[in-house]
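Inspection log for the structure reproduced underneath, given as structure tokens.
Coordinate-derived values only; no laboratory data. Just so it is clear, the model here is predicted, and its values are computed rather than measured. In this analysis, Cβ positions are derived from the backbone assuming ideal geometry, glycine residues included, and neighbour counts consider all displayed protein chains.
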Amino acid sequence: MDTRIILKRLLSPRITNGHPWIYDNEIEKIEGEPTPGEIVDVLSSSRQWLGRGYANTHSKIVARLLTRKYETIDAEFFCRRIDEAINHRRFLFQKSCVCRLVFGEADDLSGLVIDRFEDVIVFQFNTAGMHRFRNEIINCIRERFPEAFFYDKSDLNALMKEQVTPLNGWIGRACPEPFEISYHGLRFAVSPSEGQKTGIYIDQLENAVIAASLCSPSGKTVWDVFSNSGNFGLRLLQNGAKSVAFIDQSGTALSDCQENLRLNALTGASFHEGNAFDILRSWEERGEKADIIVLDPPSFTKSRSSKGNALRGYKEINLRALKSLNPRGFLVSASCSQAISRQEFEMMMYAAATDVGSRLRLAYRGGQPADHPVVLNIFETDYLKFYIFEKLP
């Protein structure tokens, strides 16, 4: 390996304990001039070999380790890693062909996400290193799913920071959009070119199935706040809710929700475009009440530096929901902000409940599904908090 990264003498335990990221302030010097995504060796200050990965000096994360073995990183390497990821999820295929096949750092493939939507596979090459091996990775997946359609939905903001030109769009033949998928008996219209993330938020599909049990007995009034394409509300309607109010700031998201409602021949929905905080405040002032309120907001922070503001935002929206929730009603509350810990989220919920004079009983505590595995050594892989609380009288 011609290019080597030498780390500072005080080596972070985070790196030795298995975390793949090497920040710019952890590096003593770089021997060579790596191009973005070039494979490099990483050594300690005493020249002890630590691992091999790829580098990008344009990023604050200068290097990302892919292996701690002396092995060549090539097409064969990526095929092995992808096979390991798929085999880890093999048991999930018996339930659904909608799942995450590769989840970046959790599958030792930092910067790569691959989602399967039945016959369509969507890629995110979110770093220079993964983009450099884009063709090898696509060919590997094509060998395993020869009949599938392929779409590149790499994160444009992430690639801009990496100074990489994106190649987003259909790879080879195109699948007409939107196409339909099915998950546990509910159909969704998916459009990778227009939808959020890789098409829809697949990390909450399973949690919506869990939340659907709250509709027994039937006849509940539901508010689906930050509804996006309607995953939670549609599932609750399917399971007996009398009515669901879908609330989202995006008119496009609400249009997608209406299409999903049509696909499933469901009725009882109303749609409300606008700021969720303002809408909940207005409904509270009018004395509106609900039996179930779902809060599934986008991430309120991407970094720990703005964590305080994020917690205030979470407290405000949960406080508003609690004020409008009927006694014995259920609050379904989630956070996808990785910077917010579970303990911090639960303390925020306690503070919100205290401020409105409510007692909350924890009915369910969960997180991300099995196709988004958590590696304890890499805390960024554990990002989704999902709770169901009962409001006690």
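So what is the relative contact order for the stretch 225-337, in percent, with contacts set as C-alpha pairs under 8 Å and at least six apart?
27
How do 182, 218, 337 rank when sorted from fewest to most other Cβ atoms within 10 Å of their own Cβ?
The fewest-first ordering by Cβ neighbours comes to 218, 182, 337.
As an exercise, use a Förster radius of 41 Å and the Cβ-Cβ distance of residue 210 and residue 68 to find the FRET efficiency, rounded to the nearest 0.05.
Computed FRET efficiency for residue 210 and residue 68: 0.65.
Please compute, over every Cα-Cα pair in the chain, the percentage with a separation greater than 26 angstrom.
Everything past 26 Å amounts to 56 percent.
Taking 20 °C and 1.002 mPa s as the conditions, I'd like the Stokes-Einstein D for the stretch 75-175 in µm²/s, using the Kirkwood hydrodynamic radius from alpha carbon pairs.
In µm²/s, the coefficient rounds to 157.
Order by neighbour count: 183, 151, fewest other Cβ atoms within 10 Å first, most last.
Values: 183 22, 151 25.
If I rank by nearby Cβ atoms, fewest first, I get 183, 151.
Quick one: work out Rg over Rh on the C-alpha atoms of the stretch 4-67, Rh as Kirkwood radius. Intermediate results must be reported in sequence, preceding the final value.
On the way: Rg = 10.2 Å, Rh = 11.3 Å.
Rounded to two decimals, Rg over Rh is 0.90.
Test of understanding: what is the full-extension gain from residue 139 to residue 364, defined as 0.36 nm times their sequence separation minus their Cα-Cα distance?
Working: separation 225, 0.36 × 225 = 81.00 nm, distance 4.14 nm.
The span from residue 139 to residue 364 would gain 76.9 nm if fully extended.
Over all distinct alpha-carbon pairs, what is the Kirkwood Rh of the stretch 201-292 in angstrom?
About 13.2 Å for the stretch 201-292.
Using Cα pairs closer than 8 Å and at least 6 residues apart in sequence, work out the relative contact order for the stretch 4-67, in percent. Please list the in-between numbers first.
On the way: 128 pairs, mean separation 23.1, N = 64.
Here the relative contact order equals 36 percent.
What's the Kirkwood radius of the stretch 160-260 in Å, using all Cα pairs?
14.9
Quick one: the Cα spread of the stretch 189-392 along its three principal axes, in angstroms, biggest first?
Projected onto the principal axes, the Cα atoms of the stretch 189-392 cover 45, 43, 29 Å.
Order these by the 10 Å Cβ neighbour count, fewest first: 372, 131.
If I rank by nearby Cβ atoms, fewest first, I get 372, 131.
Helix-derived [θ] at 222 nm for the chain: sum -39500 (n - 2.57) over DSSP H runs of at least 4, divide by residue count, nearest 500?
Numbers: 11 runs with 110 residues, N = 393.
That comes out to -8000 deg cm²/dmol.
Counting DSSP beta bridges with both partners in the chain, what percentage is antiparallel, nearest 5?
Of those bridges, close to 65 percent are antiparallel.
Over the chain, what relative contact order in percent results from Cα pairs under 8 Å that are six or more residues apart?
11
Using alpha carbon centroids, what distance separates the stretch 75-132 and the stretch 177-211, in Å?
That distance is 17 Å.
Along the charge dipole of the chain, which of 227, 318, 261 sits closest to the positive end, that is, farthest toward it, with unit charges on the beta carbon of Lys, Arg, Asp and Glu (+1, +1, -1, -1)?
318
Over the stretch 189-392, what is the percentage of antiparallel beta bridges among all DSSP beta bridges, to the nearest 5?
40
Under a straight-distance cross-link criterion of Cα-Cα below 26 Å, which lysines are reachable from residue 69, leaving out those fewer than 8 residues away in the same chain?
Reachable lysines: 8, 29, 60.
Return a single number: how many Lys pairs in the stretch 256-340, at a sequence separation of 8 or more or on separate chains, have alpha-carbon atoms below 20 angstrom apart.
5
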